[in-house]
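Structure first, then comments.
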Amino acid sequence: MASGATAPGIRALRSRRRPPLHRRGLLTLLLVSAFGWSLTAVPWGAGLVHANGAAVIGRILGALLRPDLSAGTLRIALAATWRTFAYATAGVSLAIALAVPAGVLASGVLARRPGVRAVSATAFRAGLGGLRAIHELVWAWLFVAAIGLSPWVAVLALALPYAGILGRVLADMLDDVPAAPLRALRAAGAREWQVLLYGRLPMVRANMVGYALYRWECGIRSAAIMSFVGLGGLGYQIQLSLDDLRFREVWTFVGCLVALVVLVDLWSGAVRRRLSA
Amino acid sequence: MFALEGVAKRYGPLEALAPLTLTIAPGERVALMGPSGGGKTTLLNLLAAAFPPDAGRLSIAGRPAEGLRPGRELARLVGIMPQGFDLVPSLAVVHNVLAGRLGEWGFARSLASLVVPRERELARTALARVGIPEKLYERTERLSGGEQQRVALARLLLQRPRAILADEPVSAVDPARAEALLALLVGIVAEEGTTLVASMHGVPLALRHFSRVVALRRGRLVFDRPSAAVTPEEIEALYALEDAGTRGVA
Ligand SMILES: Nc1ncnc2c1ncn2[C@@H]1O[C@H](COP(=O)(O)OP(=O)(O)OP(=O)(O)O)[C@@H](O)[C@H]1O
Ligand SMILES: [Mg+2]
């Protein structure tokens with residue numbers, strides 16, 4: 001289909017920031033050489049190695065077969081699992097609440113004038129970039145230093161970088177929606193925010209929900225790790241047990257973490273299938 | 001409905017539409033015909049005020065086209081019948097139909113309607129008129145191409161523009177469905193008194209359903225007369241291949 005395929009209305013000027021094909025080859029070459037060089041830069045031989053590492057590894061693996069299933073440990077494990085799950089869920093929910101408005105503004109799709117659009121998009125994209133440039137663990141340290149050991153620390157530390165990631169992805173998706181349905185909406189009299197509600201958001205919904213669910217799963221792992229700073233949860237319990245060399249307890253907690261992640265993965269997979277069906 | 005006075009459009013050195021003067025009265029059904037690259041889409045875009053002409057004066061419903069702001073004002077005057085696949089695929093049919101009301105709706109109503117559809121009866125009636133009442137809550141992407149075009153037509157029924165512009169409205173469906181869809185479109189515009197301007201590749205189809213033919217070739221007007229007065233020789237000359245035979249006819 002040549003020119004005949006276009007309905008009346010401004011033709012699709014698909015704005016792609018992709019570099020042209022011939023330059024993409026060069027880019028690939030550069031990235032591959034950077035990767036190769038990074039391998040040589042790692043000091044493979046050096047470092048301090050545990051003297052009787054083999055024996056400890058043997059004990060750790062031995063404990064794997066006999067995780068601690070006593071009532072006391074299980075109670076601790078269950079409480080810690082619940083706490084990690086709650087931190088992750090609250091953190092990612094807050095991240096979504098922040099990411100939706102920020103992502104819309106970062107995409108610049110609401111601004112009609114190109115000047116306003118560029119300024120809004122640049123400012124919000126920079127803001128989102130700043131949020132995700134700092135790892136959640138670093139955020140957690142900063143917040144612990146600022147407010148102490150409160151559950152808010154875990155939630156906020158997770159929410160801010162995740163809002164940065166989700167907002168950025170949403171902005172990119174909103175920019176990349178097929179143009180023809182949007183043109184048709186405008187021709188029917190829709191204003192830009194109506195085009196957003198009736199065109200852009202529905203078209204990115206399935207992908208965005210899928211991605212947010214994936215991030216939720218990541219959030220659970222992050223929340224577990226983050227609790228190492230002393231916030232409670234599975235990571236904290238793993239650390240305590242490791243310090244006391246109680247490897248059988250370690251495996252109980254690790255098992256809980258794996259089970260939690262698998263459950264969330266199964267559930268989000270089911271939701272995704274329903275959305276795309 | 002449309003008045004053109006020396007309206008022209010060029011793309012760089014290419015004269016997509018040579019200065020054209022013609023008027024289209026309210027309620028007329030005009031078929032734009034001619035070989036590929038003739039300027040049909042360009043003319044439709046100009047009539048839709050999608051871009052301004054490079055020269056000449058164009059008025060829509062008696063008002064200068066350059067003074068019409070995109071949005072509600074323009075949507076009340078001209079509506080566009082897309083070739084297909086211009087609906088939002090992941091939305092339910094009802095929302096794609098109700099999108100024809102967005103020009104009239106404010107923020108609260110637009111948002112609320114996505115949760116519980118407003119003015120549902122309008123959508124239901126429109127879908128019944130285009131022959132697919134049972135698809136109201138179906139996801140739009142599950143519909144066939146022909147059904148999607150009916151949804152687009154239902155949206156236009158809610159938008160109620162004074163003129164409908166259609167670029168090859170039936171080129172994406174098989175001949176039997178093309179006939180039915182065109183009959184439906186023409187029936188609706190006749191009932192509503194809407195002006196219809198459509199680019200058409202199927203000659204017999206165009207002559208049967210339209211009252212007037214405007215023929216363009218290489219951006220120039222070849223002829224403009226009632227369908228009944230168009231002769232087979234004229235049609236043949238209109239589509240005849242040039243010396244190099246570069247222009248194909250669909
Ligand atoms: N955006 C554009 N930029 C440059 N040239 C264009 C553009 N749009 C159309 N043209 C050129 O203008 C001429 C008229 O194009 P137009 O799309 O109006 O033809 P058409 O009659 O609709 O053809 P078809 O039957 O194939 O749809 C063609 O030569 C085309 O290549
Ligand atoms: Mg065309």
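The values are calculated or read from the model by the stated rules, or taken from the named source; none is laboratory data. Keep in mind it's a predicted model, so treat the numbers as computed, not measured. We place every Cβ from the backbone using ideal geometry, glycine too, and count neighbours over all the protein chains shown. We work out accessible area using only protein heavy atoms, side chains counted, and drop any ligands, DNA or RNA first. Shrake-Rupley method; radii C 1.70, N 1.55, O 1.52, S 1.80 Å.
In this structure B:PHE51 has an accessible area near 40 Å², from a 1.4 Å probe over the protein heavy atoms.
Build a GNM of chain A with springs between Cα atoms under 10 Å apart, and of A:LEU231, A:LEU185, A:LEU29 the one that fluctuates most is A:LEU29. Per-residue shielding of B:101-112, expressed as the average number of other chain Cβ atoms within 10 Å of the residue Cβ, stands at 3.
Run the dipole for chain B about the Cα centre, Lys and Arg Cβ at +1, Asp and Glu Cβ at -1, nothing else charged, and hand back the magnitude in debye, nearest 20. The dipole magnitude comes to about 760 debye. In the protein assembly as shown, a dipole from Cβ-located charges (positive for Lys and Arg, negative for Asp and Glu) runs towards its positive end, and of B:PRO19, B:ASN96, A:TRP251 it is A:TRP251 whose Cα lies farthest in that direction.
Can you tell me how the protein assembly as shown classifies by the Cα gyration tensor, rounded, prolate or oblate, using a/c under 1.5 as the rounded cut? Since a/c reaches 1.5 and a/b is larger than b/c, the shape of the protein assembly as shown is classed as prolate.
Rounded if a/c is under 1.5, else prolate if a/b beats b/c, else oblate: with a ≥ b ≥ c from the C-alpha gyration tensor eigenvalues square-rooted, which is the range A:35-158? Show your work: numbers first, answer last.
Details: a/c = 3.09, a/b = 1.60, b/c = 1.94.
Since a/c reaches 1.5 but b/c is at least a/b, the shape of the range A:35-158 is classed as oblate.
Normalising the Debye intensity of chain B to I(0), with uniform scatterers on Cα atoms only, and taking log10 at q = 0.08, 0.18 Å⁻¹ returns -0.32, -1.40.
With every protein chain in place and a 1.4 angstrom probe, the accessible-area ranking of B:PHE107, A:PHE253, A:PHE124, largest first, reads B:PHE107, A:PHE124, A:PHE253. Taking B:ALA25, B:ALA48, B:ALA126 in turn, the Gaussian network model of chain B (Cα-Cα springs below 10 Å) assigns the largest fluctuation to B:ALA25. Burial of accessible area (probe 1.4 Å, heavy atoms of protein chains only) in the range B:52-94, relative to its chain alone, reaches at least 50 Å² for B:ILE80, B:GLN83, B:ASP86, B:VAL88, B:SER90. Am I reading the A/B interface right? What is its buried accessible area, both sides, 1.4 Å probe, to the nearest 100 Å²? Chains A and B together bury approximately 2700 Å². Each residue was assigned an accessible area with a 1.4 Å probe, and for A:TRP141 the value is about 150 Å². Here the range A:164-277 is treated with +1 on each Lys and Arg Cβ and -1 on each Asp and Glu Cβ, and its dipole about the Cα centre works out to around 560 debye. A simple count of charges around A:ASP68, restricted to other residues whose Cβ falls under 10 Å of its Cβ and scoring Lys, Arg +1 and Asp, Glu -1, yields +2. Accessible surface calculations at 1.4 Å, restricted to protein heavy atoms, place chain A at 56 Å² per residue. Legend: mean number of C-beta atoms from other chains within 10 angstrom of residue C-beta atoms, peptide A:178-185, equals 6. Simple point charges give the picture: +1 on the Cβ of Lys and Arg, -1 on the Cβ of Asp and Glu, and for chain A a dipole about the Cα centre of about 1400 debye.
Once you have a ≥ b ≥ c as the square roots of the Cα gyration tensor eigenvalues for the range B:63-178, tell me rounded if a/c is under 1.5, and otherwise prolate or oblate according to whether a/b is larger than b/c. Oblate, because a/c is 1.5 or more while a/b does not exceed b/c. Only helices reaching 18 angstrom along their own axis (Cα) with mean Kyte-Doolittle hydropathy no lower than 0.5 count here, and for the DSSP H runs of chain B these are B:175-192. Heavy-atom accessible surface of B:GLU28, to the nearest 10 Å², is about 40 Å², with a 1.4 Å probe and all protein chains retained.
Two tests apply to each whole DSSP H helix in chain A, Cα reach of 20 Å or more along its axis and mean Kyte-Doolittle hydropathy of at least 0.0, and the ones passing both are A:21-41, A:71-107, A:114-133, A:151-175, A:201-226, A:247-276. Solvent-accessible area per residue in chain B equals 43 Å², computed with a 1.4 angstrom probe and all protein chains kept. Looking at the protein assembly as shown, the DSSP beta bridges with both ends there are about 55 percent antiparallel. For chain A, modelled as a GNM whose springs connect Cα atoms under 10 angstrom apart, the maximal fluctuation among A:ALA145, A:ALA99, A:ALA154 occurs at A:ALA145.
Farthest toward the positive end of the dipole of chain A, out of A:ALA121, A:TRP44, A:LEU131, is the Cα of A:ALA121, where the dipole comes from beta carbon charges about the Cα centre.
R0 = 45 Å: FRET efficiency of A:THR28 with A:VAL271, Cβ-based, nearest 0.05?
Working: r = 35 Å, r/R0 = 0.79.
Efficiency for this residue pair is about 0.80.
For the protein assembly as shown, with all protein chains present and a 1.4 Å probe, just round the carbon and sulfur fraction of the accessible area to a whole percent. C and S fraction of accessible area: 64 percent. With N counted as the residues of the range A:44-96, its alpha-carbon radius of gyration over 2.2 N^0.38 Å works out to 1.84.
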